[in-house]
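The values are calculated or read from the model by the stated rules, or taken from the named source; none is laboratory data. Small disclaimer: the values here were computed from a predicted structure and weren't measured. Every residue, glycine as well, gets a Cβ built from its backbone with ideal geometry; the counts of neighbours run over all protein chains shown.
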Amino acid sequence: MDGELPAEPVAEVGIATEVADSPQSAVAVITEDPSIVVVDVQSDSDSAYYTGDEQSQYRESFLSSVREYRFEHGRRYHSYHSGSYQFPNDDNEQDRLDMFHHMLLLVTRDQLHLAPIKGDDLRILDVGTGTGIWAIQMGDAFPSAQIFGNDLSPIQPTWTPPNVHFLVDDVEQEWADLQPYDYIHVRYMAASIKDWPSLVKQCFDNLKPGGWVEFQDFDTTCRSQDDSIPDNYHVAEMLSLLRGACDKIERRLDPGPHLEGWVRDAGFENITHKVIPLPLGLWPKDKKMKEIGAYMMFQYTEGVEAFILSPFTRLLGWTKAQVEEFSEKVQRDAQDRRIHTVHNL
Ligand SMILES: C[S@@+](CC[C@H](N)C(=O)[O-])C[C@H]1O[C@@H](n2cnc3c(N)ncnc32)[C@H](O)[C@@H]1O
């Protein structure tokens, strides 16, 4: 989905400062007013600018704190704003996300973007970049562009094309880099975002006039064209339980059907909405659909533990053993050739 926007003024933010008059004390006045940020005038440096040492002290401590991952039931989770994202960031999960990316390239016939972006020197942002695979491929496809990918987890490779940059950021807070973009890509943020309308508005506010935003996300309702989904289908039961767990922390599992409304409400114009069916399993006759169905099946067979381990144990009170037993049922049903499930993207 994409949109074009009119010129918008940029809001300015001011910070009040107050410093002691007395030169001998050289200590900032401590004020009761919490809106006043007091200046630290004690510095060893004569330079008007922060030294590399001063900056690297904060950089190193920030980097080491965001890499202090949390481990639970044998899986690894992000530490920056810990707990806001329920799913792991370890190697197995990164493989699953890369597989998901390849599946979407099949779906879109190798198009990294559907929005009609063109031109040189573009500034492009990938919101919640994950492994960074999309951003890296965009860096190759648009050598004159600067591509930025942000995420709660610093799991992206350090060897990247020179025009690709990754940063740790929480996109539900004010964004760290406020220079406007030509194109913002927001893909597969299901169950991640608490306040979608605000995120969509942030995209609007951070685009250049005439810029584009593209959202690609899920409606995980299990549908079939031939009524082949049985009542006791564990894939549907798992998704329903997961939906309930995500509701508890106000994170929507299925943003897909709501995106067009949110985009319209944010003020975007020139909106296109596409619904793409994703089969689950090897049952489609068409060769390409069969391949997509295989990728979807692997998402469930290899990914189910990542989907539910933390939400079910933390939010629904399940034990790890219960999760394992249930996961096997989900995996079995995902491989049942008699069931012809389709999700919408
Ligand atoms: C399901 S993954 C999708 C990754 C990538 N967009 C893709 O399509 O392959 C969701 C990603 O969003 C990140 N994420 C979740 N909440 C976030 C937030 N508030 N700010 C930044 N990144 C976030 C997660 O760490 C995870 O890497």
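Selection of the range 209-245 for residues being among the small types (Gly, Ala, Ser) and either out of contact with any Phe, Trp or Tyr (no Cβ under 9 Å at 6 or more places or on another chain) or surrounded by fewer than 17 Cβ atoms within 10 Å (Cβ to Cβ) (or both) yields Gly210, Ser224, Ser228, Ala236, Ser240, Gly244. Note on the range 175-190: among residues that are at pLDDT below 95 and away from the ligand (no atom under 12 Å from the Cβ), the one that is farthest from Ser84 (Cα to Cα) is Gln179.
Out of (1) more than 25 Å from Arg76 (Cβ to Cβ); (2) at pLDDT below 95; (3) more than 10 Å from the ligand (Cβ to nearest atom), what's the single condition that is false for Thr220? Evaluating Thr220 over (1) more than 25 Å from Arg76 (Cβ to Cβ); (2) at pLDDT below 95; (3) more than 10 Å from the ligand (Cβ to nearest atom) leaves (1) as the failure.
Cβ-Cβ distances below 7 Å connect the following pairs, each with a first residue in the range 90-113 that is under 19 Å from Tyr77 (Cα atoms), a second residue that is more than 12 Å from the ligand (Cβ to nearest atom) and part of a helix (DSSP H, G or I), and a separation of six or more residues or different chains: Arg96/Glu302. Within the range 191-203, no residue that is within 23 Å of Gly244 (Cβ to Cβ) and modelled with pLDDT under 95 sits with its Cβ atom under 9 Å from a residue that is part of a loop (DSSP other than H, G, I, E, B) and within 11 Å of the ligand (Cβ to nearest atom) at 6+ positions apart or across chains.
So that you can scan it fast, the table gives a plain yes or no per residue for (1) closer than 30 Å to Leu280 by Cα; (2) over 17 Å from the mean Cα position of the chain (by Cα); (3) more than 14 Å from the ligand (Cβ to nearest atom):
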site: Arg70; (1), (2), (3): no, yes, no
site: Arg96; (1), (2), (3): yes, no, no
site: Met103; (1), (2), (3): yes, yes, no
site: Ile124; (1), (2), (3): no, no, no
site: Met138; (1), (2), (3): yes, no, no
site: Phe142; (1), (2), (3): no, yes, yes
site: Val171; (1), (2), (3): no, no, no
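Whether any residue in the range 174-187 is surrounded by fewer than 17 Cβ atoms within 10 Å (Cβ to Cβ) and closer than 26 Å to Arg70 by Cα is what I want to check.
yes
Are there any strands (runs of 3 or more DSSP E) wholly within the range 261-345 with 1 or more residues that are within 23 Å of the chain's Cα centre (by Cα) and closer than 30 Å to Asp205 by Cα, and if so which? Even if it seems obvious, please write down each step before you answer.
Numbers: elements: 269-272, 277-280, 341-344.
It comes to 269-272, 341-344.
Filtering the range 153-169 down to residues that are of a type in the set (Val, Ile, Thr) and within 15 Å of the ligand (Cβ to nearest atom), which residue is farthest from Phe204 (Cα to Cα)? By that ranking, first place goes to Ile155.
Residues that are surrounded by fewer than 16 Cβ atoms within 10 Å (Cβ to Cβ) and free of Cβ contacts under 8 Å to residues at least 12 places away in the same chain were ranked within the range 290-345; the one that is farthest from Gly244 (Cα to Cα) is Lys290.
With Lys208, Lys194 as the choices, which residue is within 11 Å of the ligand (Cβ to nearest atom) and over 19 Å from Gly132 (Cα atoms)? Lay out the reasoning, then the answer.
Working: Lys208 fails: within 11 Å of the ligand (Cβ to nearest atom).
The match here is Lys194.
Residues that are among the hydrophobic types (A, V, I, L, M, F, W, C), away from the ligand (no atom under 16 Å from the Cβ) and over 18 Å from the mean Cα position of the chain (by Cα) occur in the range 237-248; there is at least one.
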